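Notes for the one structure printed next.
None of the figures in this text is laboratory data; all of them are computed from the coordinates on show. Every value quoted in this text rests on a predicted model; they were computed, and no experiment measured them. Don't worry about glycine lacking a Cβ; one is built from the backbone with ideal geometry, like all the others, and counts go over all protein chains shown.
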Amino acid sequence: MDTLKRWRVSELAFEQQAEIFILSKTFPKEELYSLTSQVRRSSRSVCANLTEAYRKRRYPSHFISKLTDADAENSETDTWLDIAFSCAYATDEQVDRIKNLNMQIGKLLGYMLQNAEDFLHNP
């Protein structure tokens with residue numbers, strides 16, 4: 001039986017948001033309502049949009065819309081990571097690890113968008 005937790009992209013997205021949470025706890029307090037909040041929200045939104053996409057597999061256009069939202073949030077997360085690095089809030093190693101997850105997520109989402117019919121629910 002197909003479940004959301006068996007989707008590799010979902011596993012990676014959850015791992016990404018967890019690593020971002022740990023990293024962002026080290027950001028300066030003055031970033032709490034800007035960078036910290038934004039990078040946490042965008043990374044968690046990837047997970048949330050994947051959950052919604054999974055539940056909307058009966059409706060191809062809704063499914064694709066949610067995958068597109070997940071992809072957009074993943075791209076936003078990548079930008080926030082660039083900002084964190086440019087502000088010297090994270091090391092190369094910290095950012096590279098998370099960006100690797102981000103890139104894998106992006107590739108998997110791209111594949112899913114190109115092959116959406118393979119992921120639809122057919123009762």
Distance in nm between Thr68 and Ala48 label points, each 7 Å along Cα→Cβ, equals 2.0 nm
Residues Phe21 and Leu113, FRET efficiency given R0 of 25 Å [Cβ-Cβ distance, rounded to 0.05]:
0.40
Close lysine pairs (the chain; alpha-carbon distance under 30 Å; 8 or more apart or on separate chains) counted at 15
